[in-house]
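Structure first, commentary second.
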Amino acid sequence: MTILFLDQSGELGGAELCLLDIIDHGDHRFIDTPLAHGQVALFAEGPFQERLARADIEHHLVGDLRAPRRECSVVRQRLREIIRLIRPVREVLRLAQDCELIYANTPKAMVVGAIVQRFTGLPLVYHLHDILSAQHFGQWECRLLVRLASNCATRIIANSQATQRVFTAAGGERDKTTVIYNGFLPQKFAVDVGTTIELRRKLGLHQTAAHGGNRFTIGCFSRFAPWKGQSLMLEALAELADPTIHLLLVGDALFGEGEYGLKLRRQTEALGLQSQVQFLGFREEVPQLLSVCDLIVHSPRAPEPFGRVMVEGMLAGKPVIAPEEGSAPELLRHGETGWLIPPRDAIALAQAIHQLKADPGLRQRLGQAAAADASQRFHLDYTNRQIYDLCDSLLQSPRSRPSQPRPPDPGPI
């Protein structure tokens, strides 16, 4: 099959990392294999484009749909957004002439894909990585995406049951949705002891703490955004008042949320936690950084659609603390493969950290069980096989094939 993948972002967010795993890793992938060929259309420049180039994946920059600053009324803003769709739609129409299926990986990609689908009749898959609620999107955007997905998408892949539930509760067509969890390669998280020791030394984590031995290290891995909840972790750290605990904040602001990163630094200073918190920025060596941690915390203030870091922490054999909402209860079993706490509760988070810090045996049992469970349930080969079979079934179905001829080349813009 020949697939045209669409993605709105130039940054390496969770949806883009998932797409990279689909098209560039594992035995069942989609780029330049006997199974399939694909190309990627991007709506913005950035690190994601650079990663595609490094992997020698065919890709095209077809426009820039990054949200501009709001300097006018809502009506004018909407009109400008519609006008800015013209070039991406025409370019994607051109690329779609040589493809059999369109795969929209992000919300704006879904909008473009829906328009192109109406012109071409090609089957359209929407990979839904987001919880479509007012906490994540505006009401107008939610209604638009739900309607377009229900009316134009041939199939919708939801990255969790939580994502699927919210989509259908908002009026989305449940019969079109299939839950397929993100996939990972477990072997990537097998880090040798020497690498871990050296990295701990570079980060200053080998220093003797008040209790003797290495610092107890907590890792928070996520892009900086208010709803991701790094500030809640800082509140819990202040509540603990334990100078032997060290926090690694791994991530950065990706989508115009730089002010939040500054706010986190100011909060760290205001709470007197400068000696306990390290801001490491965006890092690609996630498995190595996970290996130096004793505990992984993911504390979003809104329901998490999937949360890659939870599965990555599991694969690294680390106990993971997460809120009992969104996708976390699907990924983690409390007291068996993870630790679930009430959402948005800094005191409950502090208590969970204290309990797990005091019980190394419990941490070890949780980490070992988590690694075994995640290796089975979230293996990349299994995920990609499900996606391939879904796409293949659409191409085998007569109803999914174009009922009208392809449009002519739209010509130069």
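Whenever a residue of the stretch 195-207 is assigned to a helix (DSSP H, G or I), its partners that are surrounded by 15 or more Cβ atoms within 10 Å (Cβ to Cβ) and at pLDDT below 95, lying with C-beta atoms within less than 9 angstrom and at least six residues away or across chains, give the pairs ILE197/HIS206; LEU199/LEU205; ARG200/HIS206; ARG200/ASN214; ARG200/ARG215. Mind checking whether some residue in the stretch 258-267 is charged (D, E, K, R), part of a loop (DSSP other than H, G, I, E, B) and under 17 Å from PHE221 (Cα atoms)? For the stretch 258-267, residues charged (D, E, K, R), part of a loop (DSSP other than H, G, I, E, B) and under 17 Å from PHE221 (Cα atoms): absent.
Among the residues of the stretch 55-85, count how many are at pLDDT 90 or above and not in a loop (DSSP other than H, G, I, E, B). So the count comes out to 3. Restricting the stretch 235-252 to residues that are touching a residue at least 24 places away in the same chain (Cβ under 8 Å) and of a type in the set (Gly, Ala, Ser) leaves a set whose member that is surrounded by the fewest Cβ atoms within 10 Å (Cβ to Cβ) is ALA238.
Out of THR168, THR217, THR195, THR154, one residue alone is surrounded by fewer than 23 Cβ atoms within 10 Å (Cβ to Cβ), outside the structural domain of ALA350 (by TED's automatic domain parsing) and over 21 Å from the mean Cα position of the chain (by Cα). It is THR154. Residue pairs whose Cβ atoms lie under 7 Å apart, sitting 6 or more positions apart in sequence or on different chains, and linking a residue in the stretch 130-141 that is at negative phi and charged (D, E, K, R) to a partner that is crowded, with 16+ Cβ neighbours inside 10 Å and assigned to a loop (DSSP other than H, G, I, E, B), are ASP130/HIS136; ASP130/PRO305. Among the residues of the stretch 346-360, those identified as in contact with a helix residue (DSSP H, G or I) (Cβ under 8 Å, 6 or more places away or on another chain) and of a type in the set (A, V, I, L, M, F, W, C) are ALA346, ILE347, LEU349, ALA350, ILE353, LEU356.
Among the candidates PHE255, PHE189, PHE184, single out the residue that is surrounded by 20 or more Cβ atoms within 10 Å (Cβ to Cβ) and in contact with a Gly (Cβ under 9 Å, 6 or more places away or on another chain). If you could, list the steps in order and put the result at the bottom.
Details: PHE255 fails: surrounded by 20 or more Cβ atoms within 10 Å (Cβ to Cβ); PHE184 fails: in contact with a Gly (Cβ under 9 Å, 6 or more places away or on another chain).
None of the other options fit; the residue is PHE189.
Against the numbered list (1) of a type in the set (Phe, Trp, Tyr); (2) surrounded by fewer than 17 Cβ atoms within 10 Å (Cβ to Cβ); (3) touching a Pro at 6+ places or on another chain (Cβ under 9 Å), PHE378 comes up short only at (2). Among the residues here, GLY272 does not qualify as surrounded by 17 or more Cβ atoms within 10 Å (Cβ to Cβ), on the phi > 0 side of the Ramachandran plot and assigned to a loop (DSSP other than H, G, I, E, B).
The values are calculated or read from the model by the stated rules, or taken from the named source; none is laboratory data. A quick note: this is a predicted structure, and the numbers were derived from the prediction, not measured. Neighbour counts are summed over all protein chains in view; Cβ atoms, including those assigned to glycine, are modelled from backbone coordinates with ideal geometry.
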